[in-house]
Amino acid sequence: MNNATLPTSQTRDSPLVKTLAQALPKGLQCTAWHLSTTPAVTEALCYPPALKSTGEKRSSKPLKTYCEKQFLTVSITDPTKATDVLVLALEIYIYTTAFSTTIFVAKADSTGYLHLQPTPQGFSLIRAITVAFLNFLVEHRKRPTKQLVINLFARSQSQYIFPGSVKNSKKHILDDRGLIKWWCRVLNPLLEDHSSDNSTGIWDSTRGYLLIPGLDAYEAGVFIPKTENAVRNWSVGHPLELISPYTKNTLDYENVPPRCFIPTYPDDPKARFVEELEESTSEKDKLLGGWKTPKTLAQFWDMMAFRQECSSGRMTGFIWLVFDPPHLSTASLETSTSAPPQTTKNASTRPLKRKRKAKKILKGPIITRQPRVKTHRAKYPDQIETAYYYWPEAGRGQVVLDDNGYKRAVELLLHLEFKSLDQAIASTSRWVSDVNMGESWALPVTGEKEIPNQPASSAPPRTVNNLAGSIQRKRKSDDESPHENTSGPVNTLGRGLVRKKAKTDTDTGPVNVIGDSKIDPEPKVNMLGSGLVRKKAKAV
């Protein structure tokens with residue numbers, strides 16, 4: 001850890017630092033770099049359905065949605081050069097409405113330089129940090145009586161965030177099957193930890209869902225971790241109808257088409273399919289019955305199996321974790337979807353029309369001002385909590401930027417190089433200094449979790465089945481000597497049974513000699529005399 005990233009009292013008290021320290025092995029040192037944005041109004045994730053009316057069909061208003069972006073990177077110190085190098089990055093979008101909070105894992109990538117930091121055997125630093133960060137967001141983004149959903153799609157790719165890292169031989173790139181299993185193992189502790197909260201009243205129920213287009217329930221069940229509570233915590237399928245606010249409100253909506261259940265995220269395989277279906281359907285058909293085909297969600301997922309991302313040897317897994325709060329009644333859902341509560345404002349905060357003041361005429365000497373560095377600092381919202389979002393101070397990044405500044409910071413990272421260690425160190429230094437205009441924003445983390453480091457030789461030996469007692473040997477005869485060879489007696493042939501090589505006699509032909517035994521001799525070869533041999537006539 002560099003001197004520039006020494007922990008201070010402010011960084012030690014950071015909620016993110018405490019969460020990461022409790023998840024990392026004791027004594028392990030790393031540095032976290034946490035970016036975030038302010039909640040901003042964005043497009044709704046799902047298309048709104050038509051209102052229930054007897055007259056002409058008209059579309060309802062889409063749900064008012066806010067989006068907050070979180071970006072976490074972790075670096076370790078190269079012991080040979082005493083400089084930091086990035087090893088992990090996570091990009092997460094938080095969508096909030098008056099009905100629910102959705103934590104969408106957009107990207108996750110590593111550089112392959114984790115071998116520079118020794119860790120206990122069997123411990124995955126990337127998995128521990130990912131679980132800790134998701135737990136941190138769940139803890140600081142949960143809202144009473146509001147549903148919380150963690151959603152992601154697992155699709156293997158050589159590099160997502162760090163350019164050139166694919167050329168690093170130390171980077172371990174999983175295939176589609178391995179990546180889906182890895183994400184299920186990462187998210188399973190969230191279900192295990194929060195399922196125990198049911199007795200405390202924090203969550204009424206927690207459940208995970210896995211859907212892989214092209215695989216049936218039996219084939220997809222192989223990817224679910226084989227734990228004691230796997231049957232209770234996981235299901236093969238999707239919860240789109242369960243987490244949609246439109247299915248709960250039967251007063252205003254009926255026969256909701258599948259286009260209103262499917263959320264569309266950035267760079268989402270199913271979002272591209274939804275856009276194609278929307279372009280091929282007229283507005284009138286969308287209001288009457290939705291797409292011409294597919295007509296149901298089951299048909300939609302069946303057609304997804306033939307898409308490029310889910311066929312031709314490729315596989316994409318869609319995972320949901322649903323946290324239902326207690327006392328989530330249907331009446332409250334109908335109220336939140338049909339008429340979401342509005343934030344009240346005092347009369348003093350309302351903008352008043354004021355008279356225009358006359359332009360002041362400047363007089364006197366001109367006083368020069370120091371130039372100000374243009375930054376992308378975000379303008380904080382007036383309220384921390386409204387009916388549509390919750391933005392606590394503990395859940396914000398160390399650096400809070402506006403949307404333009406956030407895009408600039410992420411795009412800068414996408415234009416750097418992480419092929420070799422020297423390039424990765426230089427790229428890390430540049431990115432860290434440019435994001436916050438040279439100011440320090442590091443979050444040093446020192447692990448506190450006790451993890452026994454068991455060497456490979458201490459692994460319990462495998463039990464070998466000894467079948468010696470189960471083999472029945474042949475019983476020895478009574479007159480057999482105990483010291484006799486157990487391999488059995490050797491059969492010795494007598495002199496008369498040994499066939500010797502026949503000797504050749506030029507006069508009488510071959511003679512067979514077989515000791516003294518009387519065996520019929522083999523037939524002799526008839527030799528023609530010289531007078532009986534016909535010679536070929538000589539040509540004249």
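The values are calculated or read from the model by the stated rules, or taken from the named source; none is laboratory data. On a predicted model such as this, the values are computed, not experimentally measured, just so you know. Neighbour counts are summed over all protein chains in view; Cβ atoms, including those assigned to glycine, are modelled from backbone coordinates with ideal geometry. The protein model used for the area step is the full one, side chains on, heavy atoms only, and it has no ligands, DNA or RNA in it. Shrake-Rupley method; radii C 1.70, N 1.55, O 1.52, S 1.80 Å.
General remarks:
- A residue that is open to solvent by less than 20 Å² (accessible area, probe 1.4 Å) and either without any contact (Cβ under 8 Å) to a residue 40 or more places away in the chain or closer than 22 Å to VAL186 by Cα (or both) occurs somewhere in segment 213-222.
- Across segment 233-289, the qualifying residues are those that are assigned to a loop (DSSP other than H, G, I, E, B) and of a type in the set (A, V, I, L, M), and the one among them that is nearest to CYS67 (Cα to Cα) is ILE262.
- Positions within segment 224-248 being buried (at least 18 other Cβ atoms within 10 Å of the Cβ), hydrophobic (A, V, I, L, M, F, W, C) and within 20 Å of TRP203 (Cα to Cα), in sequence order: TRP234, LEU240, ILE243
- Matching residues in segment 111-125 - criterion: being open to solvent by 20 Å² or more (accessible area, probe 1.4 Å) and either touching a Lys or Arg at 6+ places or on another chain (Cβ under 6 Å) or modelled with pLDDT of 95 or more (or both): HIS115
- Segment 157-173: number of residues that are surrounded by 16 or more Cβ atoms within 10 Å (Cβ to Cβ) and under 23 Å from PRO263 (Cα atoms): 1
- Filtered residues of segment 174-205 (kept if open to solvent by less than 40 Å² (accessible area, probe 1.4 Å), at pLDDT 85 or above and over 27 Å from ASP109 (Cα atoms)): TRP203
- Residues located in segment 359-395, provided they are open to solvent by 100 Å² or more (accessible area, probe 1.4 Å), modelled with pLDDT of 80 or more and under 34 Å from the mean Cα position of the chain (by Cα): TYR380, GLU385, GLU393
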